[in-house]
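A short write-up of the structure that comes next.
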Amino acid sequence: MKKPGFILVGLILLTILLIPTFIVIPFVDSGEREVEVAQNENKPVALDIDSDIDVKVWRASASVAETVPIEEYVVGVVASEMPADFEMEALKAQALAARTYIVKYMINQEEPVNESGAQVTDTIEHQVYKNEDDLRETFGKDYNWKMERIIEAVRATKGKIITYDGEPIDASFFSTSNGFTENSEDYWANELPYLRSVASPWDEESPKFLDQTIVPRAKVAEKLGVPLASPLKVTISKTEGNRVETIEIGGETFTGRDIRDMFDLRSSDFTMEEKDDYIIFKTKGYGHGVGMSQYGANGMAKEGKTYEEIIHYFYKGVEISNLKEHEAEITKEEV
């Protein structure tokens with residue numbers, strides 16, 4: 001029979017041997033989970049969306065032309081132009097607009113953008129485009145979930161474009177309206193039947209809905225080339241979309257777009273106020289206002305609207321058609 005003292009000593013020794021095991025096991029498990037999370041963050045996201053058409057993009061910062069399949073190009077545009085956490089139906093509408101834009105541009109293009117033979121740039125001159133490496137840097141640890149959502153939206157609309165009378169439309173889009181979109185001819189030169197002013201009340205939820213730009217009075221007078229009376233006197237006419245059509249200052253008349261461009265305003269819906277030696281431009285909305293409002297699209301999607309309904313709301317009288325029907329026009333091949 002063992003004495004109690006020997007039993008106690010044995011238990012103490014057993015405890016000493018087991019304690020390190022209990023301590024180490026949780027940390028080993030935690031380390032494995034951290035490695036697994038890191039691997040998931042860095043795993044490649046498949047862009048395997050088949051396409052028979054390539055787009056040659058001029059990468060402005062790198063001064064190099066990059067050739068990418070059109071559906072991969074659309075992924076890069078949607079990822080660059082719309083927040084990935086927007087509603088899925090809004091992302092689909094954006095994918096459709098981005099694909100339509102490049103298709104129409106390629107059909108109508110007569111000369112490349114430069115000697116590289118590139119068809120478009122990756123800047124706001126056309127559509128902002130980022131490739132996989134750019135997006136990994138931009139999205140960081142959020143890369144996978146953001147790209148999976150964007151790729152899902154592009155796949156859902158693969159091979160589809162927006163047409164009017166059988167032809168691809170100028171599928172313009174912008175960030176945030178002032179509560180209405182703009183008729184095309186009220187901002188640009190051409191009147192297009194599908195780019196009509198519509199209400200977009202959802203945009204008031206946009207963080208970009210209101211803004212102001214403060215400019216020294218002397219700089220405003222210099223840029224306009226007119227004297228500024230004090231108190232400030234202006235006469236404004238408005239467009240159907242409630243933006244500034246024309247504004248008379250110091251005996252000269254300017255368009256709302258003129259003023260927006262001169263002072264880098266977010267919108268051509270603005271007011272001018274004076275305070276001390278400064279002019280304060282207060283704006284509503286962000287962008288030219290023509291076509292699809294992105295925050296409007298997201299608001300409609302939150303209300304349960306499909307991407308088709310969003311497209312038909314912002315682009316009047318259009319149809320959603322197959323890209324294949326225009327492939328020969330894009331590639332300039334004889335049919």
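Among the residues of the range 113-142, count how many are part of a loop (DSSP other than H, G, I, E, B), open to solvent by 60 Å² or more (accessible area, probe 1.4 Å) and touching a residue at least 40 places away in the same chain (Cβ under 8 Å). First the steps, then the outcome.
Keep residues of the range 113-142 that are part of a loop (DSSP other than H, G, I, E, B), which gives 113-119, 122-131.
If we keep only those that are open to solvent by 60 Å² or more (accessible area, probe 1.4 Å) too, we end up with 115, 124-125, 130.
If we keep only those that are touching a residue at least 40 places away in the same chain (Cβ under 8 Å) too, we end up with 130.
Selection size over the range 113-142: 1.
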For this session: Write out, first by first residue and then by second, each pair whose Cβ atoms fall under 7 Å of each other, whose residues are 6+ apart or on separate chains, and whose first residue, in the range 50-62, is within 15 Å of Tyr129 (Cβ to Cβ) while the second is open to solvent by 40 Å² or more (accessible area, probe 1.4 Å) and of a type in the set (A, V, I, L, M, F, W, C).
Result: Trp58/Val113
Exercise. Across the range 212-234, what is the total count of residues that are open to solvent by less than 90 Å² (accessible area, probe 1.4 Å), out of contact with any Leu (no Cβ under 8 Å at 6 or more places or on another chain) and assigned to a strand (DSSP E or B)?
Worked result: 3
For this session: Mind listing just one residue for me: the one in the range 146-156 that is under 17 Å from the mean Cα position of the chain (by Cα) and not acidic (Asp, Glu) and, of those, surrounded by the most Cβ atoms within 10 Å (Cβ to Cβ)?
Result: Ile150
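Looking at the range 172-211 only, could you name the residues that are aliphatic (A, V, I, L, M), part of a loop (DSSP other than H, G, I, E, B) and surrounded by fewer than 20 Cβ atoms within 10 Å (Cβ to Cβ)? Lay out the reasoning, then the answer.
Looking only at the range 172-211, we keep the residues that are aliphatic (A, V, I, L, M), and these are 189, 192, 195, 198-199, 210.
Remaining after also requiring part of a loop (DSSP other than H, G, I, E, B): 189, 192, 195, 198.
Answer for the range 172-211, where residues must be aliphatic (A, V, I, L, M), part of a loop (DSSP other than H, G, I, E, B) and surrounded by fewer than 20 Cβ atoms within 10 Å (Cβ to Cβ): Ala189, Leu192, Val198.
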Exercise. Which ones in the range 215-258 are touching a strand residue (DSSP E or B) at 6+ places or on another chain (Cβ under 7 Å) and under 22 Å from Ser175 (Cα atoms)?
Worked result: Lys238, Thr239, Gly241, Asn242, Arg243, Val244, Glu245, Thr255, Gly256
Exercise. Take the residues of the range 33-76 that are modelled with pLDDT under 90 and basic (Lys, Arg): which is nearest to Lys146 (Cα to Cα)?
Worked result: Lys43
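The values are calculated or read from the model by the stated rules, or taken from the named source; none is laboratory data. All values reported here derive from a predicted model rather than from experimental measurement. Glycine gets a Cβ as well: all are built from the backbone with ideal geometry, and neighbour counts include every protein chain shown. Just the protein is used for accessible areas: all its heavy atoms, side chains included, with ligands, DNA and RNA removed. Shrake-Rupley method; radii C 1.70, N 1.55, O 1.52, S 1.80 Å.
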